1. Scan the range 227-253 for residues that are of a type in the set (S, T, N, Q), loosely packed, with under 14 Cβ neighbours inside 10 Å and within 17 Å of V59 (Cβ to Cβ) and jot them down.
2. Just the residues that are among the aromatic types (F, W, Y) and not in a strand (DSSP E or B), please, taken from the range 24-67.
3. The conditions are (1) out of contact with any strand residue (DSSP E or B) (no Cβ under 7 Å at 6 or more places or on another chain); (2) at pLDDT below 95, and E135 fails exactly one of them. Which is it?
4. Can you work out which of the residues in the range 173-186 that are surrounded by 14 or more Cβ atoms within 10 Å (Cβ to Cβ) and over 13 Å from V205 (Cα atoms) is farthest from the chain's Cα centre (by Cα)?
5. Just give me the residues in the range 1-30 being hydrophobic (A, V, I, L, M, F, W, C) and more than 14 Å from G50 (Cβ to Cβ), in sequence order.
6. Within the range 68-108, which residues are in contact (Cβ under 8 Å) with a residue 40 or more places away in the chain, out of contact with any strand residue (DSSP E or B) (no Cβ under 6 Å at 6 or more places or on another chain) and not in a loop (DSSP other than H, G, I, E, B)?
7. Out of everything in the range 187-203 that is assigned to a strand (DSSP E or B) and among the aromatic types (F, W, Y), what residue ends up being surrounded by the most Cβ atoms within 10 Å (Cβ to Cβ)?
8. Among the residues of the range 166-199, count how many are among the aromatic types (F, W, Y) and either without any contact (Cβ under 8 Å) to a residue 24 or more places away in the chain or over 19 Å from H244 (Cα atoms) (or both).
Amino acid sequence: MKHFRITLQYDGSRYDGWQKQGNTDNTIQGRVETMLSKLFEQEIEVQGSGRTDAGVHAVGQVASFAADTDLGPDKVMEKMNAFLPKDIVVTDCRMTDARFHARLNAKRKTYCYRIVTGRLRPVFGRQYVLWHPEELDLKAMRKAAECLIGEHDFRSFLGNRHYKKSTVRTIYDITFSETVRKEGETAFPEIAIAFSGNGFLPNMVRILTGTLLEIGEGKREPGEMKSILGGADRALAGPTAPAHGLTLQRVEY
């Protein structure tokens, strides 16, 4: 039995998230497992580093699986990319040992939420960014984000009210970067918010983003973030930002 660690990129636009589900076969995990099971002619179970939501993308999703095969990692990667849908690709494949688990061994994950501001709605790449026609107060958003750094109970930013596990997580860093993307003669100002932490709750990054957007719009004061965090109540936080602006950037071990 050989154990493999793979890194995946995928466009999540047409999928129902990473995790396989009983009511649909249209998930990233489901597609990868089905393909591997046919390739190796045996039942293959794939463990992902995290469960990205429906519509969320990834450039650095890590997964692990075991297979009884004579193939090496280069050949496995080649065959996977030959049979996977065009919106899923394996960018790295390597051997690992039986103790490695893509989710349980992860130490740090980074997600990035991209926002295009301005009166013009982007056409190219629109499935990877949120269009926000109004300008945002980045200074206020940065100030509010400072309250989130460290270990906290993030229950206020939990999207699953039936969640039974611990809601304590550690955010190591939240960074804001500004760029201008040009399409022909048209300039599109873009803001990227990168969240790095030891793990994230269901919908957590999208709810954090939705709350920060309300602060950037002037609907909330930056100081409210501290009381929202301490209140441990989903009703206190802002809306869940749309999935298509979010990408899992990398997972570190």
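1. Step one: of the range 227-253, the residues of a type in the set (S, T, N, Q) are 227, 240, 247, 249.
Checking which are loosely packed, with under 14 Cβ neighbours inside 10 Å leaves us with 227.
Those that are of a type in the set (S, T, N, Q), loosely packed, with under 14 Cβ neighbours inside 10 Å and within 17 Å of V59 (Cβ to Cβ): none in the range 227-253.
2. Initially, the range 24-67 is screened for residues among the aromatic types (F, W, Y), giving 40, 65.
Correct list: F40 only.
3. Every condition holds for E135 apart from (1).
4. Within the range 173-186, the first condition is being surrounded by 14 or more Cβ atoms within 10 Å (Cβ to Cβ), and the residues that meet it are 174, 176, 181.
Checking the rest, the ones that are also over 13 Å from V205 (Cα atoms) come to 176, 181.
On the way: F176: 17, R181: 22 Å.
By that ranking, first place goes to R181.
5. At the first step, the residues of the range 1-30 found to be hydrophobic (A, V, I, L, M, F, W, C) are 1, 4, 6, 8, 18, 28.
Of everything in the range 1-30, those that are hydrophobic (A, V, I, L, M, F, W, C) and more than 14 Å from G50 (Cβ to Cβ) turn out to be M1, F4, I6.
6. Within the range 68-108, K79, F83, M95 meet the criteria.
7. Let us first name the residues in the range 187-203 that are assigned to a strand (DSSP E or B), namely 187-197.
Okay, now just the ones that are also among the aromatic types (F, W, Y), so 188, 195.
Working: F188: 20, F195: 23.
Applying the filter and picking the extreme gives F195.
8. Of all residues in the range 166-199, those among the aromatic types (F, W, Y) come to 172, 176, 188, 195.
If we keep only those that are either without any contact (Cβ under 8 Å) to a residue 24 or more places away in the chain or over 19 Å from H244 (Cα atoms) (or both) too, we end up with 172.
Residues flagged as among the aromatic types (F, W, Y) and either without any contact (Cβ under 8 Å) to a residue 24 or more places away in the chain or over 19 Å from H244 (Cα atoms) (or both) within the range 166-199 amount to 1.
The values are calculated or read from the model by the stated rules, or taken from the named source; none is laboratory data. From a predicted model like this one, the values you see are computed outputs, not experimental measurements. Because the Cβ atoms are built from the backbone with ideal geometry, glycine has one as well, and the counts that use them run over all protein chains shown.
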